[in-house]
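Asker: Take a look at the following structure, please.
The values are calculated or read from the model by the stated rules, or taken from the named source; none is laboratory data. This structure is a prediction, so every number in the text was calculated from the model and none was measured. Note that we place each Cβ from the backbone using ideal geometry, even for glycine, and neighbour counts take in every protein chain shown.
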Protein chains: 4
Amino acid sequence: MQLGMIGLGRMGADMARRLSKGGQQCIVFDVQPAAVQRLQQEGMVGASSLDDLVARLAKPRAVWLMVPAAVVDSTLEKLVPLLEPGDIVIDGGNSHYHDDIRRGGELGARKLHYVDVGTSGGVAGRERGYCLMIGGEKDIVKHLEPVFVALAPGVAAAQRTAGRQEDDSTAEQGFLHCGPQGAGHFVKMVHNGIEYGMMAAYAEGMNILHHANAGNQSREIDAETSPLRDPQFYRYDLNLGDIAEVWRRGSVISSWLLDLITGTLSRDGDLKDYAGRVSDSGEGRWTIDAAIDEGVPAPVLSAALFSRFTSRGEADFANRVLSAMRKDFGGHAEKSGSSTG
Amino acid sequence: MQLGMIGLGRMGADMARRLSKGGQQCIVFDVQPAAVQRLQQEGMVGASSLDDLVARLAKPRAVWLMVPAAVVDSTLEKLVPLLEPGDIVIDGGNSHYHDDIRRGGELGARKLHYVDVGTSGGVAGRERGYCLMIGGEKDIVKHLEPVFVALAPGVAAAQRTAGRQEDDSTAEQGFLHCGPQGAGHFVKMVHNGIEYGMMAAYAEGMNILHHANAGNQSREIDAETSPLRDPQFYRYDLNLGDIAEVWRRGSVISSWLLDLITGTLSRDGDLKDYAGRVSDSGEGRWTIDAAIDEGVPAPVLSAALFSRFTSRGEADFANRVLSAMRKDFGGHAEKSGSSTG
Amino acid sequence: MQLGMIGLGRMGADMARRLSKGGQQCIVFDVQPAAVQRLQQEGMVGASSLDDLVARLAKPRAVWLMVPAAVVDSTLEKLVPLLEPGDIVIDGGNSHYHDDIRRGGELGARKLHYVDVGTSGGVAGRERGYCLMIGGEKDIVKHLEPVFVALAPGVAAAQRTAGRQEDDSTAEQGFLHCGPQGAGHFVKMVHNGIEYGMMAAYAEGMNILHHANAGNQSREIDAETSPLRDPQFYRYDLNLGDIAEVWRRGSVISSWLLDLITGTLSRDGDLKDYAGRVSDSGEGRWTIDAAIDEGVPAPVLSAALFSRFTSRGEADFANRVLSAMRKDFGGHAEKSGSSTG
Amino acid sequence: MQLGMIGLGRMGADMARRLSKGGQQCIVFDVQPAAVQRLQQEGMVGASSLDDLVARLAKPRAVWLMVPAAVVDSTLEKLVPLLEPGDIVIDGGNSHYHDDIRRGGELGARKLHYVDVGTSGGVAGRERGYCLMIGGEKDIVKHLEPVFVALAPGVAAAQRTAGRQEDDSTAEQGFLHCGPQGAGHFVKMVHNGIEYGMMAAYAEGMNILHHANAGNQSREIDAETSPLRDPQFYRYDLNLGDIAEVWRRGSVISSWLLDLITGTLSRDGDLKDYAGRVSDSGEGRWTIDAAIDEGVPAPVLSAALFSRFTSRGEADFANRVLSAMRKDFGGHAEKSGSSTG
């Protein structure tokens, strides 16, 4: 079917390519003309403006937004007046599901349909396919199925799950209508929350392995520092690339994330190219917000989120409070060295 | 090659089967004669006692222990006097690596070789192969390679890692000599620590999804309980089996653990067969011990471990302290109902 | 000065008593006539309705709400139409500071003044005085100072802080104008977040002391359970009441919370009267929400909050997911007993 | 009574002074002659060597060690041969209670008595008195009571606990015989674990207050960064010194730690003199080790400990793993700026 794609950054452009390869017709637009031209050179139809995009689409139109969450509303402000009752807007970016519910209501008042799609897959998605979590009206989601089929990985991408009954769910194809508006981004949000937790689990474990030679380093003796009681237990120089590789086969913790990090660790076991300032794009935060609203404990997912904040220096003031307290009650001066037991 | 296998529980028996299928000769023994008989009926050679086992093995003997960690030392006490210099003992169970270092020294004093093997793979390992993390003397590990090859999944079990250089590491085959004695169980220990973290990440995420309909439940109003501020955001009835299934293809959080839980959630999305008392077999604890010794933070892995303790009621006294404090300063009586915001 | 007090529950009634004792005139009202009568018998002026309350107050009126957060808005709906420009409404309950900002705007549009007061002190406050954290317009807060002085503990309640400069802050008296509308409840919110963390610190520590005799209990040996490696280190039967008492003098962790729990632990070291279902009234949640919005890590405060959720059974589904996974990959059946290592 | 004091650092010298002032006779020794001379000038008897110290003490001798945990064993190696059956050695430093149990056994074999004393109070202890947690043989602890009385704060240091029965416990005086050897340092260890948790609770809360003006800072918009959804809620410039001060009177979170930090925050609300590298001297670690051994959850205390590790850069490698993963799956380049949402 025909689809207008707005936003041709890394994700949007690759999704347009996968859609085209999958036999769907994409009319593409971006505020950066160069991004449109690139895809035109690959054979897609480019639009010169939102008006032009809308004019080129057959009714009922289907327009997919793949823009930063922060500019979805301003884009809709310009796009919506151009649309007509029955047209469909799909937000495939990283919107907060609260915004989906609000936008769904606003567009619905104009007889426009709003569908939210949480999209996972990253840069590998173009080849591997995208996992799509969808919220919206049932018949509209059904109407868009050719698009989802083209974007999703398909059943063959993984072994069938033993014991799953034959049903009408599309989950095995890699896309799923999760529920009403907002449900797609809600499920994607929790997906990312889980992702943070898994990533942190690997990262903490790798860090423990990385320091398995701590017993080979000498430490000074003073009243503030407890010596490493048993240095003889920490004399291992481990090859993290090999360890990640061996875990990829047969172990309980094999995963796609592990596959990814194995290549990097194999090339540079010390990860010297990275400084360790870890960004977060919102979903991890919203996952904890949702857990708190629901009254559901999320100690692991929140610890993973807070580790990212801390990696960016956001615990600094708290740490200064701790050092000041130690000075005040114990006369402890801060140490300038790195290893203080 | 020839191997004596002591301990024919779930793991030991399946490993003997995989070894036999892989062309290795297993002489098997267990304190339960029935366990020996079962494997004899499958064509393996059974031993009637430790003496018998040792007598049937060609020198230098290789004996693999697959017994509970708590009985390794008592087994060695009986086995070691029967062995001769040059013989090899392999502990493939869940021993603490501190014990490996001690046992390695004790056996070394008798000119016996000790190899520790951390084994991952669970009940699926018989078909899928076992991921083996190995510690010990380099030439002894090399000598045992046919055994490891037979047990491990082999290169074909996963896609090759892009960018890994050709090297002499066996990691791609699913087994790895990690370092000197104890290194195998050290790496396996951290593996399990990571496993706890990943499992908790999925579990917490699933719990948040499970309660996504919290806004549909009414809550009483009182001075102690804050109402759910925005019930309209929590009206989703989600199908966890379908969601797990859709994540298996194309998503960033696809993994073997997810594959496993998908079948179960597809059959029973409420997991009514489980009470939620979660055991832990030691490695998760030791991982945190190691992190603390190394001075390395492990907030996610420790939160995962503590969640298991708590699931078994071990926070009860702490919670009573909290309730008592609330009573003392605020006059708050404990509520007997379940949902108190 | 004269003050209307709406809401004569535990906190409201005691505050009216302290105000009266401090020379302020309270006109009191509650939807429960019996609550009004009780204070009338103590000599205060009671109002039979909101209209009556408003009629009895001299202009500009000052009305203090001490009602559950969930009914503040419905109370304001009835109260506000009765008021006149220049009148002051004070919310002394546990409102979310977002609501203060909204209400401040709504009342401001009617030329009414809105002041938010976070109140700490609990049942002891009547004698000990209340710690008041105040948000609102500077001159209005100044106008209400006699009320705050009467409610607050006063300078003599604690030793002067060495090194604090003489300034015009009222902090030493136990009340503080923290900033514009919402600032009072914001600071009170974080106060409660800290309170959760401190309470959890004591509770976890007490739990560790409570189990210091773990080595005296026998545990079965099996493949799933790691034995307590060193039972000889856990043979202490500790008297928690005595330990809390000794910490009250000279130790770094002496505090008012410790004072409180000491009495209870001295009477019943096992806290048999409590079940350990710990409520939370909102501020702890909002503290974490704020931390997340600000991008500030709060691993300790969030762990404390989540422990409360968990104490009420809200982790149950997550735990069932863990048990199911363990069954799926390891064939581990759930144990029904309590101690599984 | 007479006491030999070995180790005249900050704590040891002040304790000798308090003992002298309390009418006890101290013979003092330190490996640094200048430290001995200082106390001699204050009127105490100095010893020129361990032999000299032992020679000057009446039998049965009582010798108090106040030296870094790391040198207790080497000190005992020299001291013990000089002692005679019936003599008493007290370790008042920060020893691990495992070492107490071992040393108690070793000294007991020589008919020497070993007493472990966990000491809290810091630099304020000289004036305020020390909180003493004691482990050892009952009659020996009783024999030393004059020493403990002189060091402890005494009953008057705090209000009596309502409802505590008259008993023979010395807890109200600020010292307590907790149990057999090791029990003193065990209780002190958990005390410090609680201290870490309380300090972190304040520090995290202060950090949230410190960033309450986050809405006043502009942030760039891009696909990786979620904007602060509601900047209008974060426009408070709070005075942390005043807030700490107001909490000291009447609030639930008043404590000695809060008293201490108030002075510092009042002088410098930004704590510019501190870098935020927070040391830890061992007990916090051992508390978590004990919790894990006992199978008791300690999510708050462990989070507090790990925050300290992280403040010293020990999470860096884990963070690099996270950044590498984000690059691998999402093509996300690390940001060099500080605020990435």
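Asker: Residues that are part of a loop (DSSP other than H, G, I, E, B) and crowded, with 24+ Cβ neighbours inside 10 Å: does region A:105-121 have at least one?
Answerer: We begin by selecting, within region A:105-121, every residue part of a loop (DSSP other than H, G, I, E, B); these are A:110-112, A:121.
Now restrict to residues that are crowded, with 24+ Cβ neighbours inside 10 Å: A:121.
There is at least one residue in region A:105-121 that is part of a loop (DSSP other than H, G, I, E, B) and crowded, with 24+ Cβ neighbours inside 10 Å.
Asker: Look at region A:289-313 and say how many of its residues are of a type in the set (D, E, K, R), touching a helix residue (DSSP H, G or I) at 6+ places or on another chain (Cβ under 8 Å) and within 23 Å of A:G276 (Cβ to Cβ).
Answerer: Step one: of region A:289-313, the residues of a type in the set (D, E, K, R) are A:289, A:293-294, A:308, A:312.
Then keep just the ones that are touching a helix residue (DSSP H, G or I) at 6+ places or on another chain (Cβ under 8 Å); that gives A:289, A:293-294, A:308.
Then drop every residue that is not within 23 Å of A:G276 (Cβ to Cβ), which leaves A:308.
The number of residues fulfilling the criteria is 1.
Asker: Check off (1) over 27 Å from the mean Cα position of the chain (by Cα); (2) modelled with pLDDT under 95 for D:R10 and give me the number that stays unchecked.
Answerer: Result: D:R10 passes all but (1).
Asker: Any idea which residue in region B:227-239 is surrounded by the fewest Cβ atoms within 10 Å (Cβ to Cβ), counting only those that are modelled with pLDDT of 95 or more and part of a loop (DSSP other than H, G, I, E, B)?
Answerer: Applying the filter and picking the extreme gives B:D237.
Asker: A further question on this structure: Please work out which one of (1) within 23 Å of A:R229 (Cα to Cα); (2) loosely packed, with under 15 Cβ neighbours inside 10 Å is the condition D:D100 fails and give its number.
Answerer: D:D100 satisfies all of (1) within 23 Å of A:R229 (Cα to Cα); (2) loosely packed, with under 15 Cβ neighbours inside 10 Å except (2).
Asker: Is it the case that region B:64-75 has a residue that's more than 24 Å from the chain's Cα centre (by Cα), more than 14 Å from chain A (Cβ to nearest Cβ) and on the phi < 0 side of the Ramachandran plot?
Answerer: At the first step, the residues of region B:64-75 found to be more than 24 Å from the chain's Cα centre (by Cα) are none.
There is no residue in region B:64-75 that is more than 24 Å from the chain's Cα centre (by Cα), more than 14 Å from chain A (Cβ to nearest Cβ) and on the phi < 0 side of the Ramachandran plot.
Asker: I would also like to ask the following. Among the residues of region B:308-341 satisfying the criterion of being β-branched (V, I, T) and either modelled with pLDDT of 95 or more or part of a helix (DSSP H, G or I) (or both), which is nearest to the chain's Cα centre (by Cα)? Give the derivation first.
Answerer: From region B:308-341, those β-branched (V, I, T) are B:310, B:321, B:340; that's our starting set.
With either modelled with pLDDT of 95 or more or part of a helix (DSSP H, G or I) (or both) added as a condition, the list becomes B:310, B:321.
Details: B:T310: 19, B:V321: 34 Å.
Out of the qualifying residues, it is B:T310.
Asker: Are any of the residues in region B:330-338 basic (K, R), farther than 30 Å from A:R160 by Cα and surrounded by fewer than 24 Cβ atoms within 10 Å (Cβ to Cβ)? Can you show your working first?
Answerer: From region B:330-338, those basic (K, R) are B:335; that's our starting set.
Adding the requirement that they be farther than 30 Å from A:R160 by Cα leaves B:335.
Restricting the remaining residues to those that are surrounded by fewer than 24 Cβ atoms within 10 Å (Cβ to Cβ) gives B:335.
Within region B:330-338 (the criterion being basic (K, R), farther than 30 Å from A:R160 by Cα and surrounded by fewer than 24 Cβ atoms within 10 Å (Cβ to Cβ)), the answer is yes, since at least one residue qualifies.
Asker: Anything in region C:123-144 that is free of Cβ contacts under 8 Å to residues at least 12 places away in the same chain and crowded, with 17+ Cβ neighbours inside 10 Å? List them, or say none.
Answerer: Scanning region C:123-144 gives a single hit, C:A124.
Asker: Is it true that D:E106 is free of Cβ contacts under 8 Å to residues at least 60 places away in the same chain and closer than 16 Å to D:A16 by Cβ? Reasoning before the result, please.
Answerer: Details: free of Cβ contacts under 8 Å to residues at least 60 places away in the same chain: yes; closer than 16 Å to D:A16 by Cβ: no.
Here the answer is no, as D:E106 does not meet what is asked.
Asker: Whether any residue in region A:165-181 is crowded, with 24+ Cβ neighbours inside 10 Å, of a type in the set (A, V, I, L, M) and more than 25 Å from A:A244 (Cα to Cα) is what I want to check.
Answerer: The answer is yes; a qualifying residue exists.
Asker: Return the pair list, or none, for Cβ contacts closer than 6 Å from residues in region B:163-187 that are at positive phi to residues that are of a type in the set (V, I, T), at least 6 apart or on different chains.
Answerer: B:G182/B:I101
Asker: Any idea which of (1) part of a helix (DSSP H, G or I); (2) under 26 Å from B:F329 (Cα atoms) is the one C:T75 doesn't satisfy?
Answerer: Looking at each condition in turn, C:T75 falls short on (2).
Asker: Name the single residue, out of those in region B:241-269 being facing chain C (nearest Cβ under 9 Å) and touching a residue at least 12 places away in the same chain (Cβ under 8 Å), that is farthest from A:P180 (Cα to Cα).
Answerer: B:L257
Asker: Residues of region A:209-226 being more than 9 Å from chain D (Cβ to nearest Cβ) and at pLDDT 65 or above, which ones?
Answerer: As a first pass, look at region A:209-226 and keep what is more than 9 Å from chain D (Cβ to nearest Cβ): A:209, A:212-220.
Scanning region A:209-226 gives A:L209, A:A212, A:N213, A:A214, A:G215, A:N216, A:Q217, A:S218.
Asker: Just need a number here: residues in region A:139-188 that are within 9 Å of chain B (Cβ to nearest Cβ), out of contact with any strand residue (DSSP E or B) (no Cβ under 8 Å at 6 or more places or on another chain) and assigned to a loop (DSSP other than H, G, I, E, B).
Answerer: 9
Asker: Counting just the residues of region D:127-138 that are within 12 Å of chain C (Cβ to nearest Cβ) and more than 15 Å from D:W256 (Cβ to Cβ), which one comes out farthest from the chain's Cα centre (by Cα)? First the steps, then the outcome.
Answerer: Step one: of region D:127-138, the residues within 12 Å of chain C (Cβ to nearest Cβ) are D:127-135.
This time we only want the ones that are more than 15 Å from D:W256 (Cβ to Cβ), so: D:132-135.
Numbers: D:L132: 12, D:M133: 12, D:I134: 15, D:G135: 17 Å.
Checking each candidate, the answer is D:G135.
Asker: Separate question: So D:I243 fits all but one of (1) touching a Ser or Thr at 6+ places or on another chain (Cβ under 8 Å); (2) β-branched (V, I, T); (3) modelled with pLDDT of 95 or more; what number is the exception?
Answerer: Result: D:I243 fails condition (1) only.
Asker: Let me ask something else about it. Go through (1) within 9 Å of chain B (Cβ to nearest Cβ); (2) small (G, A, S); (3) over 30 Å from A:L322 (Cβ atoms) for C:S279 and report which single condition fails.
Answerer: Against the list (1) within 9 Å of chain B (Cβ to nearest Cβ); (2) small (G, A, S); (3) over 30 Å from A:L322 (Cβ atoms), C:S279 comes up short only on (3).
Asker: Ok, one more. Report the residue count in region C:13-30 for those that are under 21 Å from the mean Cα position of the chain (by Cα) and more than 14 Å from every other protein chain (Cβ to nearest Cβ). Before you say what the answer is, go through the steps one by one.
Answerer: Keep residues of region C:13-30 that are under 21 Å from the mean Cα position of the chain (by Cα), which gives C:13-19.
With the extra rule that they be more than 14 Å from every other protein chain (Cβ to nearest Cβ), the set shrinks to C:16-17, C:19.
Of the residues in region C:13-30, 3 are under 21 Å from the mean Cα position of the chain (by Cα) and more than 14 Å from every other protein chain (Cβ to nearest Cβ).
Asker: If you check C:L228, C:L265, C:L271, C:L209, which single one turns out to be over 20 Å from the mean Cα position of the chain (by Cα), among the hydrophobic types (A, V, I, L, M, F, W, C) and under 30 Å from B:M66 (Cβ atoms)?
Answerer: On the way: C:L265 fails: under 30 Å from B:M66 (Cβ atoms); C:L271 fails: under 30 Å from B:M66 (Cβ atoms); C:L209 fails: under 30 Å from B:M66 (Cβ atoms).
After applying the criteria, what remains is C:L228.
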